[in-house]
Amino acid sequence: MNSQQSRAVATAPEQLSSGGGERLVVRLICLWMVIQPWLIGGVFWWSEAFNTLVGAVGLAIALRSRENRRTLWRFPVFWLGLLFCGYVLCQALNARVYEAQRVPTARIYDDLIRPHLSWLPSGVLGNYFQPCTWRSFVYWLGPWLLVCAWWAAVHRRRMGRLLALAAFVNGVVMAGLVLYERFHPSEKILWFYTFPGMNPNGTNAASFVDHNKAAALLYLSMGAGLAVAGRLQARLREQTRDNGVTWLALFGCLVIFASFFALGSRAGLAVACGIFGGGFAILIMARLLARDYSPGLWLGGAILVAGVIGLSFFEFHNRETGTLGRIKYLSEHPDEDTRVLLRQETMRMVKDKEHFWLGWGGGSFRYVSPNFFHADSVFTDPYYDNGLRFQTDWTHSDWLQLPMEFGVIGAGLLLAILLYIYGRALWLARRLGAAGFVILLAGGGMLAHAVVDFPTYNASVLTLFSLLLVSTLKNAELDARRASKA
């Protein structure tokens with residue numbers, strides 16, 4: 001049997017098991033992953049609502065097949081996510097604070113307490129267009145529905161490659177826009193949109209309100225691009241020549257990496273360096289272990305090295321602006337960076353005995369934090385009506401805000417989902433390939449970024465992060481299943 005016949009036999013189970021709306025679900029999700037980041041970064045309530053709607057439609061299509069339903073019932077993330085969404089729904093139904101939109105100043109939180117069951121999770125019932133527990137429920141429901149739709153419907157590994165390719169190409173376009181904005185800056189998003197309360201310091205980037213969220217999406221897209229390059233290289237084992245597409249994919253990764261020097265995101269640049277260097281090292285090791293010295297990989301590597309050197313010279317030549325300039329400025333003006341103090345106050349909220357296990361409720365940071373901020377002189381200022389220098393919806397550390405809002409129990413469910421995905425993926429390490437390890441690295445980079453920022457609280461970032469990880473795990477599962485049937 002020749003190699004072409006063996007490949008046909010090996011892929012036969014994969015082809016026979018496809019169907020059940022697979023193509024429709026994949027096209028719907030990939031198209032949405034391209035569109036969502038351009039909807040002002042996915043930060044508004046309507047983007048989150050559309051995210052949930054697309055997930056519901058995709059899951060409804062996937063579950064028309066009995067085989068898909070059986071596949072989903074055996075997926076632990078489905079049950080863990082169902083428990084978490086039910087937990088947040090309970091917080092919304094058992095609201096502890098009513099009409100939170102009427103909290104213009106601090107120290108009013110305690111006056112709005114309403115009767116509730118203290119032994120059940122509780123939250124904030126407020127204006128849906130502002131942070132509140134009902135909006136938090138819709139926000140988390142969307143990624144869970146999309147992940148379940150993908151897991152149930154997808155039966156072919158190439159569908160995961162399409163998702164990575166869509167995220168990568170979208171990232172290259174967005175990175176090109178960020179680089180263009182470096183020389184043609186605008187205080188408006190996409191040069192035409194602004195809204196009340198938008199940061200006047202011009203920290204927007206491309207279609208994103210905040211450059212840190214743009215950074216999170218871009219390094220996830222860069223990880224997807226490196227994974228695409230890795231899969232292209234893996235195909236060389238079955239081909240006699242390199243078609244040259246690999247180095248083109250690596251050049252696209254360089255474009256994304258270059259954009260971080262214009263973003264001004266300190267954590268984003270650090271994570272991007274880790275993903276860029278670590279991902280490329282994984283590809284090099286995979287090729288060396290396979291004893292496949294592809295000219296495309298080495299040519300791409302040479303372009304990347306030259307690009308990094310050029311970017312370094314450019315950045316240091318313009319060190320008063322850009323990311324390094326921002327790092328220098330904040331190091332010289334530490335009083336303007338209050339994130340450390342924010343995290344200290346959030347730790348006090350997490351440790352509160354009454355809310356340690358069940359949390360304060362999704363979307364409650366906006367209403368809980370003023371009472372704690374008043375105890376710290378750094379946040380107080382008599383010049384303002386409410387006596388505080390500022391109010392914020394986020395603590396700049398998802399690893400603290402998640403247990404603050406959902407308690408040890410709710411945050412524990414999210415952590416269990418992560419541990420399962422990473423644990424199961426590492427258990428199937430032989431089936432991951434270089435591309436799979438690069439995606440896991442990119443996902444780990446976002447988790448590291450979440451220590452000092454809040455990328456999890458952006459619908460487009462959270463959804464892409466979730467789908468890339470689950471798609472990688474699904475590909476490994478399908479490969480393992482194919483190997484067992486061969």
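Results, tabulated for the structure shown:
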| quantity | calculated |
| --- | --- |
| Pair list, Cβ under 8 Å, 6 or more apart: region 171-193 residue in a loop (DSSP other than H, G, I, E, B), other residue of a type in the set (A, V, I, L, M) and open to solvent by less than 40 Å² (accessible area, probe 1.4 Å) | Leu190/Ala206 |
| Filtered residues of region 397-453 (kept if open to solvent by less than 30 Å² (accessible area, probe 1.4 Å) and part of a loop (DSSP other than H, G, I, E, B)) | Ser397, Leu428, Ala450, Asp453 |
| Failed item, numbered, when Asp453 is tested on (1) within 30 Å of Thr246 (Cα to Cα); (2) touching a His at 6+ places or on another chain (Cβ under 6 Å) | (1) |
| Test: residue in region 382-395 that is within 18 Å of the chain's Cα centre (by Cα), at pLDDT below 90 and not small (Gly, Ala, Ser) | yes |
| Of the criteria (1) out of contact with any Phe, Trp or Tyr (no Cβ under 9 Å at 6 or more places or on another chain); (2) part of a helix (DSSP H, G or I), which one Leu82 fails | (1) |
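The values are calculated or read from the model by the stated rules, or taken from the named source; none is laboratory data. No experiment lies behind these values; they were computed from the predicted model shown. Glycine gets a Cβ as well: all are built from the backbone with ideal geometry, and neighbour counts include every protein chain shown. Areas reflect the complete protein model, heavy atoms only, side chains present, ligands, DNA and RNA absent. Shrake-Rupley method; radii C 1.70, N 1.55, O 1.52, S 1.80 Å.
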